[in-house]
Amino acid sequence: MLSWIYLAVAVLLGGLNVAPTSRDETLIRSMVDQALNRLNQGDTTAFDEFWDDDADYVGVSGTLTKGRIQIQALFRQAAGRSGHQTATIEQVRFITPEIATVDGTWTVTGARDPNGQELAPIKGRGFEVVQKKNGRWRFVVIRKMVIFGAR
């Protein structure tokens, strides 16, 4: 009886079969790169391919946007003012074989304020939760943070 309790705790804590494949990490890193490249080109159809229907996004303004369609609309609205973003993934951490976190830094250059004036480069950190559904990795949670005083 006690061994079943230990087994249940191990499963709940992700202690069994959590080792991801290097292929999954490569797929996640590639997904981030592809999504960023497409969004830098103004291709908001990237959301259809890489974001879960129920994803949520908190940008640097602190506003929570829920749902892929609403996130896509937010990015369409910012088109032409959002600049060019580069990112560096520092780590991909697997919570379970189907859920991972992605931590990294980003820099935006060429962003414009509502009056069309170019802003100084903006640096920040990003945190994403990705989930494997039906064999495909998708973004489910994205949080963007500005690093104040960064140059």
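The values are calculated or read from the model by the stated rules, or taken from the named source; none is laboratory data. From a predicted model like this one, the values you see are computed outputs, not experimental measurements. Glycine gets a Cβ as well: all are built from the backbone with ideal geometry, and neighbour counts include every protein chain shown. Only protein heavy atoms, including side chains, enter the accessible area calculation; ligands, DNA and RNA are left aside. Shrake-Rupley method; radii C 1.70, N 1.55, O 1.52, S 1.80 Å.
When residues in the stretch 113-129 are screened for being in a strand (DSSP E or B) and over 18 Å from residue 144 (Cα atoms), 1 of them pass. Scan the stretch 111-129 for residues that are acidic (Asp, Glu) and more than 20 Å from the chain's Cα centre (by Cα) and the total you get is 2.
Within the stretch 76-90, can you find the residues that are without any contact (Cβ under 8 Å) to a residue 40 or more places away in the chain and open to solvent by less than 50 Å² (accessible area, probe 1.4 Å)? Passing the criteria: 78, 83. Scanning the stretch 36-63 for residues that are under 13 Å from residue 140 (Cα atoms) and either open to solvent by 60 Å² or more (accessible area, probe 1.4 Å) or not in a helix (DSSP H, G or I) (or both) turns up 48, 49, 51, 52, 53, 54, 55, 56, 57, 58. For first residues located in the stretch 50-75 and under 22 Å from residue 147 (Cβ atoms), partners that are outside any strand (DSSP E or B) and lie 6+ apart or on another chain with Cβ distances below 7 Å form the pairs 57/71; 65/71; 65/74; 75/39; 75/44. Across the stretch 128-150, which residue is most open to solvent (accessible area, probe 1.4 Å) among those that are among the small types (Gly, Ala, Ser) and under 17 Å from residue 107 (Cβ atoms)? By that ranking, first place goes to 149. Within the option set 93, 112, 125, being within 18 Å of residue 62 (Cα to Cα) and open to solvent by 70 Å² or more (accessible area, probe 1.4 Å) holds for one residue only, 125.
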